[in-house]
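First comes the structure, then the notes that go with it.
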């Protein structure tokens with residue numbers, strides 16, 4: 001216990017006690033209210049061809065070990081693509097996420113996975129434990145499908161634990177409790193993958209009514225998905241990934257899964273608009289058009305980098321860095337002219353400040369877009385950024401802070417959702433991307449903060465292409481314009497754009513150590 005300070009325990013209680021008590025005391029709600037209508041009789045499903053057949057026109061690239069890269073900027077296209085891949089999977093779907101919610105998008109995603117499993121596709125789902133909100137019986141029912149397997153990563157905090165066990169784990173293994181799996185991958189038939197910043201929840205795809213994220217993924221076809229699959233296997237087979245049946249039940253052999261209510265929910269046009277289904281059916285033509293218009297780039301040497309399960313051995317308390325951290329530092333230190341960054345959370349350390357300072361000194365122009373207090377969904381993280389903002393600016397970099405009503409949301413949010421709402425949701429930044437010297441693009445899960453550097457497992461895809469870099473950078477620079485962001489300087493910042501109560505809430509987080517943010 002000598003390693004734990006009073007501040008660490010205060011953080012424990014501020015982040016966890018209220019949530020644990022709320023979960024323990026809240027009765028479960030009925031997920032699918034009774035509805036006698038058969039909505040699925042009006043829906044047709046497109047799975048008569050496999051992904052391999054769909055990609056036959058591009059087999060020469062794939063056979064030559066190239067990777068097709070398409071950057072998924074819009075939430076809707078990121079959702080459509082996942083659905084399209086699920087409908088045409090032939091052999092396997094491997095899913096790895098930090099957050100997999102049971103909101104509308106999450107339930108629709110699960111329905112696609114179940115329907116794929118019904119066709120004989122082997123589906124493996126690996127999800128981090130800390131924020132998983134599915135009920136135990138739901139997880140066991142899904143896992144009881146003969147073609148679906150679910151594992152929970154590092155189950156110290158949630159699944160299968162009562163409140164006493166959770167608090168005991170928190171106090172006795174603070175480092176382990178904080179080591180989360182932040183990777184996000186979706187891979188079909190070892191041939192196509194999606195990886196990047198998006199979790200599976202409404203707000204990552206532009207469908208939340210109150211708050212949505214501006215995010216970014218990369219669709220990868222061909223060679224790079226093999227690297228992602230190797231990483232997935234490493235996580236899947238690791239001791240930290242525990243079968244859900246071991247956590248929730250000694251014997252689930254008697255469960256007879258019935259997914260009819262789930263299917264009816266997903267078929268209900270109120271939950272899944274017909275015009276959205278139509279867009280999913282049009283995905284093959286849309287992908288062909290993207291190839292013909294030059295938006296899909298066939299490249300050599302696309303690199304997927306992931307931390308190993310467990311990240312580090314905890315010899316350095318709440319530290320130790322990892323594979324993704326070290327690779328990012330290597331890439332950044334090789335910059336000669338410019339680095340353009342998007343990160344939702346920007347919490348610098350002495351090391352990162354020294355790196356930025358040395359790069360600026362040799363003439364590298366660095367611009368960073370992060371969340372403002374007005375757009376931020378994480379006050380703890382913002383408090384860490386606020387404490388080091390001045391020191392960061394003194395290194396010579398430029399900082400821009402995202403506006404909650406950024407005009408760019410008109411382009412990247414679901415238009416179907418926008419038409420339904422009287423008031424537009426708040427818009428926050430969640431993309432974790434970097435462009436170096438207009439030649440190299442990094443898209444991944446890595447926030448510029450100590451948690452990503454030292455605690456969470458993270459992953460990035462490194463794309464060596466001037467064309468991709470120029471396109472992604474152009475989008476980033478648009479989002480730094482005055483209609484989308486404020487520029488923060490040593491003389492001014494936009495904190496005053498929010499009400500006093502939110503500013504005071506940030507101040508109360510100042511005692512939380514930056515090392516765990």
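We did not get these values from a lab; they are worked out from the coordinates using the rules stated. Note that the structure is predicted; figures quoted are calculated from it, not measured. Cβ coordinates were reconstructed from backbone atoms using ideal geometry, including for glycine residues, and neighbour counts include every protein chain displayed.
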Practice item. Based on the mean of other Cβ atoms within 10 Å per residue, sort peptides 109-115, 54-60 so the most packed one is first. Key: 109-115, 54-60
Exercise for review: Would you calculate a helix-derived [θ] at 222 nm for the chain, using -39,500 (n - 2.57) for each DSSP H run of n ≥ 4 and dividing by the full residue count, to the nearest 500?
Suggested key: -10500 deg cm²/dmol
Study note, to complete from the structure: Per-residue Cβ contact counts at 10 Å, fewest first, order 315, 354 as 315, 354
Point to revise | Sorted by Cβ neighbour density within 10 Å, fewest at the top, the residues 161, 288 | key: 288, 161
Review point. What ranking do 196-207, 355-366, 90-101, 297-308 get when scored by the average of other Cβ atoms within 10 Å per residue, highest first?
Key: 196-207, 90-101, 297-308, 355-366
Review point. Given a cut-off of 22 Å, what percent of all Cα-Cα pairs of the range 306-432 lie beyond it?
Key: 49 percent
Exercise for review: Using only the Cα atoms of the range 387-440, build the gyration tensor, take square roots of its eigenvalues as a ≥ b ≥ c, and label the shape rounded, prolate or oblate: rounded if a/c is under 1.5, else prolate if a/b is larger than b/c, else oblate.
Suggested key: oblate
Practice item. Based on other C-beta atoms within 10 Å, arrange 486, 236, 84, 492 from fewest to most. Key: 492, 236, 486, 84
Exercise for review: Run the numbers on the range 302-516 and let me know its relative contact order in percent, using alpha-carbon pairs under 8 Å that are six or more apart.
Suggested key: 30 percent
Point to revise | Convex hull (Cα only) mean projected area of the range 125-179, reported in nm² to one decimal | key: 3.7 nm²
**Study point:** the range 302-516: C-alpha gyration tensor shape, a/c 1.5 cut-off, then a/b vs b/c
**Key:** rounded
Exercise for review: Distance between Cα centroids, the range 377-445 to the range 491-517: provide it in whole Å.
Suggested key: 17 Å
Check your understanding: For the chain, what is one quarter of the convex hull surface built on the Cα atoms, given in nm²?
Key -> 23.9 nm²
Review point. Under the Kirkwood approximation applied to all pairs of distinct alpha-carbon atoms, what is the hydrodynamic radius of the range 66-297 in Å?
Key: 18.4 Å
Check your understanding: Among the DSSP beta bridges whose two residues both lie in the chain, what percent are antiparallel, rounded to the nearest 5?
Key -> 60 percent
